[in-house]
Amino acid sequence: MQGELLAAVTGIIGLVLGIVIGAAVAGPLFRTRSGRLEPSPSREGGALPPGIAEVLSALPSSAVVLDSGDKVLRASSAARAFGLVRGEELVIGELLSLARKVRRDGVIRETDIEVAVRKFGPDATSFAVRVAPLGGTGLVLVLAEDQTEHRRVEAVRRDFVANISHELKTPVGALSLLAETVQDASDDPEAVRRFTARMQTEATRLTAVIQDLITLSRIQGAEPIAEPAPVDLEAVVEEAIDAVRMPADAKGIELVGSGAEGLTVLGDEAMLGTALRNLITNAVAYSPKNTRVAVSVGTSRSSIDISVADQGIGIPQQDLERIFERFYRVDAARSRATGGTGLGLAIVKHIMTHHRGEVTVWSKEGSGSTFTLRLPRPESREIDVSRNDNHQETAQ
C-alpha cells in the first residue's frame, strides 16, 4: 500500500512541478477553469502557485500545502474532516515538525502517524504520511493517506493465519499423541479401541475444518451468481433438515419445517442448502436436549425469508456483531466439544452476499436465537438483472 502511495505522490509532485515551471515559462497569464485568461496570482507572501489547487482538489487523500511561515495555504476537505487542519493551522505537531525539516533541507520524508479523531469514533485513525517540498518556492506539501481500513484488514488476516494454524495444529497434535499411545498400548485391545475411536473423532474434525476452509475460499473468491437458476425452497428445507436429523434425534430435539410449499427463489441450490444446513446444525449443537428447532419460510413484498429458530442458550449482546467472523466463537470450549469449526456462519454470510441477500440474527441469552436468510423475490431479482443488462448495453 505504501509503495502505491509513493508512486502516486511522486507522480503528483512531478505534475505540480511541471505546472509551476510551465506557468513560469508561459508568462504572467494562465487559463482558469472557465477558459478566461487572467493574471497569475502573486507568489509574494507564499501564495499558492497556479494549477496546484486543481491538482490537490483531485487527490483522494488528505492534502495540505504550507507556506514558508507554516500557515496553511490549501487543505483538502478530507484533511479538515480528519482534524489535521483547523483554520490556517496544521494542528498535528508531528506533521508540523516534519514539514519544517523538509523545508530546511529539501529531503522528502515519510512516516506513519495515528490521530485521535472523535468525529469518527473513539479509535485512532492511522495515516501513511509523505512530506515533500514544492520546488524552490518555500512551500511544503503534506499528503496523508488513511490506512485504518488497510490495517484492519491486515489484522484480520493475521488473526486468520493464527487461528487456522491453531485449528489445524490441535487435531494434528492429538492424532500424533494418540498414535503413540496406541503403539504403546498394543497389547491392550480395549485401550486400542478407545484410542482409535478418539483418532477417528480428531480425523473427522480435521476433515471438517479443511472442508469448510475449501468451501469458504471458493465462495469468498467467487463473483455474485450471474445466471441464477430457480430453486425449490421446499426441497432445500427438507434436505437440510434430513441432513441434521441424526444429531438432532440423539439429543431428542424436534426439527420442524413450514411455509416453504410452492416457493421458489433464484440462486444456487447447493449453496443455499449449505447455508441452511449450517444454521440448523448450529441450532441443534447449541440447544438443550428435548427442545425444538423450527425452520419457517415467510414472504414480504420484496423478499423471501428463511428463519431458523431454536430454544438454546442464546448469544450475548456484545458478541452479536462478531459471530459472522471466521473462527469467532462465543463459547470456544463448547464449540470444540460439538465439533464446530468456527467457519459455518462466515460461509453463510458469503453465500447470502453472492445471492444479493443478507443474513440477520436475533438472540437473547437464555431464550434462544433466530437466524434469518433474506433472499430477494424472483421477480425483484429478474428486474434487477434486467436493469443491469440494459445499463451495460447502453454503456456499449
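The values are calculated or read from the model by the stated rules, or taken from the named source; none is laboratory data. All values derive from a computational prediction rather than experimental measurement. Side chains are part of the model used for accessible areas, which takes the heavy atoms of the whole protein and leaves out ligands, DNA and RNA. Shrake-Rupley method; radii C 1.70, N 1.55, O 1.52, S 1.80 Å.
The lysines whose alpha-carbon is closer than 23 Å to the alpha-carbon of residue 349, local same-chain residues fewer than 8 away aside, are 364.
For residue 265, the residues whose amide H sits under 5 Å from its own are 231, 233, ignoring neighbours fewer than 5 places away on the same chain, with H placed 1.01 Å from N. Per-residue Karplus couplings for the range 178-191, computed as 6.51 cos²θ - 1.76 cosθ + 1.60 with θ equal to phi - 60°, are listed in order as 5, 4, 4, 5, 4, 5, 6, 9, 4, 8, 10, x, 5, 5 Hz, Gly and Pro entered as x. Computed 3J(HN,Hα) for the range 269-286, one whole-Hz value per residue from the Karplus formula 6.51 cos²θ - 1.76 cosθ + 1.60 where θ = phi - 60°, is 4, 5, 5, 5, x, 4, 4, 5, 5, 4, 5, 5, 4, 5, 4, 5, 5, 9, glycine and proline marked x.
Full-extension gain between residue 210 and residue 88, please, as 0.36 nm times their residue separation minus the C-alpha to C-alpha distance.
On the way: separation 122, 0.36 × 122 = 43.92 nm, distance 5.69 nm.
Residue separation times 0.36 nm, minus the Cα-Cα distance, leaves 38.2 nm.
Using θ = phi - 60° in the Karplus curve 6.51 cos²θ - 1.76 cosθ + 1.60, the 3J(HN,Hα) couplings for the range 307-318 round to 10, 10, 10, 10, 10, x, 7, x, 10, x, 4, 5 Hz; x is entered for Gly and Pro.
Annotation: lysines with alpha-carbon distance below 29 angstrom to residue 71 (same-chain offsets under eight excluded): 101, 119. Under 5 Å between amide hydrogens, built in the peptide plane, is the criterion, and for residue 125 it picks out 115, 116, 117 among residues at least 5 positions away or on other chains. Counting only residues at least eight positions apart within a chain, or on another chain, the lysines with an alpha carbon under 18 Å from that of residue 289 are 251.
Give me the Debye-computed log₁₀ of I(q)/I(0) at q = 0.14, 0.23 Å⁻¹ for the range 176-273, equal point scatterers on Cα only, no solvent, two decimals. The calculated log intensity ratios at q = 0.14, 0.23 Å⁻¹ are -0.80, -1.15. Apolar share of the accessible surface for the range 244-322: 48 percent from carbon plus sulfur atoms, 1.4 Å probe.
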